[in-house]
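Visitor: Pasting a structure here, questions to come.
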Amino acid sequence: MTESRDDPIPLVRRRIASADSLCVFTGAGMSAESGIPTFRDANASAFWAQCKPEQMASPEGFRADPALVWRWYAERRAGVRAAQPNAGHLALGDYARHHPGRLTVVTQNVDDLHQRAGCPDTIRLHGDILRDDWMDPCTKAPACAAEHAVPGTPPRCADCGNLLRPGVVWFGEMLRESDLQAAERAGRECDVLLVVGTSGAVWPAAGLAGLARRAGAYVVVINPTDSEIDHEAHFCIADTAARTLPVLLAGT
Ligand code: BV8
């Protein structure tokens, strides 16, 4: 049940100030004010407005057209490298510095902005866009060695043809069990959960809010629009990450 009050900020600040453990769960909206497009926002710049998830973010799509997917990720990698952490990322980094051990950040994002802003232990449920992995497990000895192929195509192993692919979790791929368990533990143990910038459309990550609520956490959603997680919240703050997080966290 979401209580409706005029200004939840003072109440949420009090909850955070008295919390022994704060968990912050973020999605693409967390990085929107750093200039990184979201996936499902109504605006045309959103990724899934321009291309199909199954084509660009699935193993089948990559195998069908490795060069197309590799180029799409190369563009996104350039965008991540050019982006800077926004005021929301920086507010979390400041909080982490002033309250060592009290904050756990769990993100669906594959950028490194939380880490660059001072949250190096961020749990990245969907991987790291700046890392390469082998498409197929390599059990050979010596292991696969990437040779750079034609520009704009993924490097491949000269020996067995294995392809390099971005180190992210695609649709239909399992999340790393240790990451999911760490995220669920943080959700179960936190006193306050801030859910920032996610539509709540992607599972099992989206299940974190309900798990925390059922374990007794005080749940606050920060999102300018409605999301599929709102029903799990005590409060929904209809504002952006970069505007809201500094106000909620300053001096707590
Ligand atoms: C899996 C990496 C086992 C790649 C991504 C139930 C249980 C388990 C699985 C499923 C299930 N039901 C369905 C599934 C399958 C699937 C799934 O969830 N499908 C959905 C679409 C129905 N899940 C999986 O496949 C997962 N694997 O479970 O393995 C399995 C295996 C086979 C079959 C079944 C199960 C793997 C999912 C991971 C996919 N990889 N990304 C890449 O990034 O290239 S997902 C992708 O979506 C991104 O990671 C993204 O972070 C994530 C979630 O999206 P959001 O972050 O929420 O972004 P979105 O654009 O949607 O929303 C942004 C929000 O921000 C908006 O609400 C907007 O209003 C708000 N906003 C905008 N600006 C701001 C803002 N908020 C604050 N401030 C602002 N300034």
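The values are calculated or read from the model by the stated rules, or taken from the named source; none is laboratory data. This is a predicted model, so every value here is computed, not measured. Note that each Cβ is placed from the backbone with ideal geometry, even for glycine, and that neighbours are counted across all protein chains shown. Surface areas here come from the heavy atoms of the whole protein model, side chains and all, with no ligands, DNA or RNA. Shrake-Rupley method; radii C 1.70, N 1.55, O 1.52, S 1.80 Å.
Visitor: Taking +1 at the Cβ of each Lys and Arg and -1 at the Cβ of each Asp and Glu, which of Ala87, Ile36, Gln55 sits farthest along the dipole of segment 21-103 towards its positive end, judged by Cα position relative to the Cα centre?
Guide: Positive-end residue among those listed: Ala87.
Visitor: Restricting things to Cα coordinates, could you compute the convex hull volume per residue of the chain in Å³?
Guide: 127
Visitor: Here is a further query. May I ask you to evaluate 6.51 cos²θ - 1.76 cosθ + 1.60, the Karplus curve with θ = phi - 60°, for each residue of segment 232-241 and list the ³J(HN,Hα) values in order in whole Hz, giving x for glycine and proline?
Guide: Coupling constants for segment 232-241: 8, 8, 6, 9, 10, 9, 7, 8, 8, 5 Hz.
Visitor: For the chain, with every protein chain kept in place, what is the accessible area per residue (1.4 Å probe, Å²)?
Guide: Numbers: 12010 Å² over 252 residues.
Here the residues of the chain average 48 Å² of exposed surface.
Visitor: Can you compute the charge dipole magnitude of segment 112-246 about its Cα centre, using +1 on each Lys and Arg Cβ and -1 on each Asp and Glu Cβ, nothing else charged? Give it in debye, rounded to the nearest 20.
Guide: Dipole size: approximately 100 debye.
Visitor: Before rounding to the nearest 500, sum -39500 (n - 2.57) across all DSSP H runs of length at least 4 in the chain and divide by the residue total; then give [θ] at 222 nm in deg cm²/dmol.
Guide: So the helix-based figure for the chain works out to -9500 deg cm²/dmol.
Visitor: Further, regarding this structure: About the Cα centre of the chain, how large is the charge dipole given +1 on each Lys and Arg Cβ and -1 on each Asp and Glu Cβ? Please answer in debye to the nearest 20.
Guide: Approximately 340 debye in magnitude.
Visitor: About the Cα centre, and with charges only on the beta carbon of Lys, Arg (+1) and Asp, Glu (-1), how big is the dipole of segment 150-200? Nearest 20 debye, please.
Guide: Working: 5 positive and 7 negative charges, 44 e Å.
The dipole of segment 150-200 has a size of about 200 debye.
Visitor: Which of the cysteines in the chain are isolated, no other cysteine C-beta under 4.7 Å?
Guide: Cys51, Cys119, Cys160, Cys236
Visitor: Rounded to whole Å, give me the distance from the Cα center of segment 54-108 to that of segment 116-172.
Guide: 15
Visitor: Accessible area of the chain with a 1.4 Å probe: how many percent of it is carbon plus sulfur?
Guide: Answer for the chain: carbon and sulfur cover 53 percent of the accessible area.
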